[in-house]
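A short write-up of the structure that comes next.
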2 protein chains.
Amino acid sequence: MIDRLTKRIKELKAPVVVGLDPMLPYIPAQVRETAFREHGETLKGAAAAIEEFNRTIVDAICDLVPAVKPQIAMYEQFGLAGMAAYKQTVDYCRDKGLIVIGDIKRGDIGSTSSAYARAHLGHVQVGQNTFAPFGEDFCTVNPYLGTDGVQPFIDVCKAEKKGIFVLVKTSNPSSGEFQDRLIDGRPLYEWVGEKVAAWGETAMGEEYSYVGAVVGATYPKMGEILRRLMPRTLILVPGYGAQGGTADGLAPYFNEDGSGAIVNSSRGIIAAWKEEKYAAFGERRYGEAARQAAADMIADIRRVMPSGSDR
Amino acid sequence: MIDRLTKRIKELKAPVVVGLDPMLPYIPAQVRETAFREHGETLKGAAAAIEEFNRTIVDAICDLVPAVKPQIAMYEQFGLAGMAAYKQTVDYCRDKGLIVIGDIKRGDIGSTSSAYARAHLGHVQVGQNTFAPFGEDFCTVNPYLGTDGVQPFIDVCKAEKKGIFVLVKTSNPSSGEFQDRLIDGRPLYEWVGEKVAAWGETAMGEEYSYVGAVVGATYPKMGEILRRLMPRTLILVPGYGAQGGTADGLAPYFNEDGSGAIVNSSRGIIAAWKEEKYAAFGERRYGEAARQAAADMIADIRRVMPSGSDR
């Protein structure tokens, strides 16, 4: 799957992933109202609105970008109906040829991480039958518990040819509280990054490892150091756009040939119809607004990618 | 909810939480077979077996212990049907008067942690209506993202009078890889512990804070230090029994009056029927085996609790 992802990024010249994080205020009123008419103002109604919204966004962007990243919390907050919308979204995106990165940030002791890995990347056995419960292609993983909390995900990745992105340096303002603390003169995120590189060596694709890393766009200097520490690690970069990361800050996340990073934008694309810049599309053409915002983002990032990407 | 939990621990003289982590091999064959006959060897069938198993365990232990801790991964691995079984278990336990600690180990950037907090401890708004999607009383939280990843949980705790347990030092073998690394001469888990104590000061119950901590039973020396650093923090202690933690190692986790900690056992109680010690109960009386194992664990822990607990 890592090879498919890096190949699609090159084919499309688009190291971009669209975050499908559908907060209700991002969904145009007419979509919400239609769903509520059928299901009431219920969890089911919210889930139906999300599903319809996502289908329109996905239809609009699926030929421009290689991947999407649904943030499971935005579905989980609507309970079982929300989880069903998450699963429906994963399936719909994969049917459209998109690679799906489940942003689940799970991580626990070994036997529990195994269960999460089966749930999201692998298969679970029930009697004589096996099932792929959620069926994402990649998922994000929290490293706080160390190797035995991450290894079960890597084992499933190897068996299923799937991948993970381990949190190294997150994009939020207080990420430094623990992640930046110095250990033997170097910040914790570097130690985590080195571990990610070492885990990655055990699960290599052609160019990049099945084990990727999350490094926020909001900290370009740290991105530069981590790029060097993890040369064969694909970096998933959140925080572009709404969170304050700029394209100019993204260059260090790429390797010299223009590969090695994939940048996420959520709100900036899926809620583009609410921005002044795309207001001309109007509320009903929110899919077209998202498509234009995705195209603009791709152009913005191509501008700063190392020249190797013009091959 | 923290006051209710500390009160129930005292009333029952049982600082014990039963981990409802129903791996399929823990479920007696007749329970699985009955569920599979009705639903087939499907995710629904697995979920039905889990629900029936949990009901029997909960009926058997609900007057002995104050709380249960379902590990959501063990449900999530069975997809949407598994998540429904999780929700059903939470509801059933609360109906039986048990306090429910959702072992979900979520944690993300602020807006995303808000969504998780709403999902598990709070309410979500859909149009004019509000819903409590999963409705646990407490949940576990991962601190790797720092204050702005934890604060949304604390905000919901205050609004809803609920609580969290933040991972400080986990019970697994490789927990030390990052958690034990020295920062200015002190391990990371101490810095996290201090932060937990500070967060806790902003959300105090009568004796203990709404913000608790997870500290594994497998590291008693660290438990002793953390107990001192976090005097008003209730410590949730996993790792007793199957993971190797012993009652003798638990004394340091309690304050002098015998309060301040609650110890989890999962496999050792719910799968007691598989142990030689409880084999006399037989496979069909697995609930009674669990009850006896819970009673034995309570006695084992009372033995080592500071004498203040005899008040």
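Amide hydrogen proximity for A:Ala261: with H placed 1.01 Å from N in the peptide plane, the residues at 5 or more positions away or on another chain lying under 5 Å are A:Ile235, A:Asn255.
When you restrict to C-alpha pairs under 8 Å that are six or more residues apart and normalise by the size of chain A, the relative contact order lands at 18 percent. As a length-normalised measure over Cα pairs under 8 Å and 6 or more apart, the relative contact order of segment B:86-227 settles at 20 percent. For chain B, the orientation-averaged shadow of the C-alpha convex hull comes to 16.1 nm² (one quarter of the hull surface). The mean number of partner chain beta-carbon atoms within 10 angstrom of a residue's beta-carbon across peptide B:175-187 is 4.
Counting only other chain Cβ atoms within 10 Å of each residue's Cβ, the peptide B:119-130 averages 5. Dipole of the protein assembly as shown computed with +1 at Lys/Arg Cβ and -1 at Asp/Glu Cβ about the Cα centre; of B:Ala247, B:Pro306, A:Leu80, farthest Cα towards the positive end is A:Leu80.
To the nearest 20 debye, what charge dipole does chain B have about its Cα centre, counting +1 at the Cβ of each Lys and Arg and -1 at the Cβ of each Asp and Glu?
Computed about the Cα centre, the dipole is about 200 debye.
Considering the dipole of the protein assembly as shown built from charges on the beta carbon (Lys and Arg +1, Asp and Glu -1) around the Cα centre, which of A:Gly185, B:Tyr219, B:Ser259 is farthest to its positive end? So the residue furthest toward the plus end is B:Ser259. Electrostatic bookkeeping for B:Tyr208 treats Lys and Arg as +1 and Asp and Glu as -1; over the other residues with beta carbon under 9 Å from its beta carbon, the sum is -2.
Summed over both chains, the contact between A and B buries some 5800 Å² of accessible surface at a probe radius of 1.4 Å. Here the label points at B:Thr130 and A:His123, each 7 Å from Cα along the C-beta direction, are separated by 4.5 nm in the simple model.
In this structure, the amide hydrogen of B:Val166, modeled 1.01 Å from its nitrogen in the peptide plane, lies closer than 5 angstrom to those of B:Val141, B:Gly212, B:Ala213, B:Val214, counting only residues at least 5 positions away or on a different chain. Taking Lys and Arg as +1 and Asp and Glu as -1, the other residues whose beta-carbon sits under 13 Å from that of A:Phe134 total -2. For chain B, set up a Gaussian network in which alpha carbons nearer than 10 Å are linked by springs, and say which option among B:Ile154, B:Ile183, B:Ile235 fluctuates the most. Between B:Ile154, B:Ile183, B:Ile235, it is B:Ile183 that shows the largest mean-square fluctuation.
If R0 is taken as 41 Å, the Cβ-Cβ distance between B:Asp184 and B:Met204 corresponds to a FRET efficiency of 0.90. With respect to the cross-link table entries B:Lys7/B:Lys169; B:Lys69/B:Lys169; B:Lys105/B:Lys158, which display a Cα-Cα separation exceeding 22 Å? Long pairs (Cα-Cα over 22 Å): B:Lys7/B:Lys169.
Calculate the mean, over all residues of peptide B:42-52, of how many other protein chain Cβ atoms lie within 10 angstrom of the residue's Cβ.
2
Taking every Cα-Cα distance in the protein assembly as shown and sorting them into 10 Å bins starting at zero, the pair-distance distribution P(r) comes out as 3, 17, 28, 26, 17, 7, 2, 0 percent.
Compactness of segment A:20-116 was expressed as the Cα radius of gyration divided by 2.2 N^0.38 Å, which yields 1.13. A simple spin-label model places the labels of A:Glu11 and A:Asp257 1.8 nm from each other, with each point 7 Å out along Cα-to-Cβ.
In this structure, the amide hydrogen of B:Asn129, modeled 1.01 Å from its nitrogen in the peptide plane, lies closer than 5 angstrom to no residue at least 5 positions away or on a different chain. A simple spin-label model places the labels of A:Asp95 and B:Ala29 4.1 nm from each other, with each point 7 Å out along Cα-to-Cβ. In the P(r) worked out for segment A:175-229, what percent of Cα pairs fall beyond 14 Å? In whole percent, the long-distance tail amounts to 56. Among the GluC sites (Glu not before Pro) in segment B:157-245, those located in a DSSP loop and surrounded by at most 11 other Cβ atoms within 10 Å of their own Cβ are B:Glu206. Note on chain A: GNM, Cα springs under 10 Å; of A:Leu234, A:Leu182, A:Leu121, the largest mean-square fluctuation is that of A:Leu182. Over the residues of chain A, the helix contribution to mean residue ellipticity at 222 nm works out to -13500 deg cm²/dmol, using -39500 (n - 2.57) for each DSSP H run of at least 4. Within segment B:135-213, antiparallel bridges make up roughly 30 percent of the DSSP beta bridges whose residues both belong there.
The values are calculated or read from the model by the stated rules, or taken from the named source; none is laboratory data. All figures in this text were calculated on a predicted structure; none of them were measured in a lab. Don't worry about glycine lacking a Cβ; one is built from the backbone with ideal geometry, like all the others, and counts go over all protein chains shown. These area figures cover heavy atoms from the full protein model, side chains too; ligands, DNA and RNA do not enter into them. Shrake-Rupley method; radii C 1.70, N 1.55, O 1.52, S 1.80 Å.
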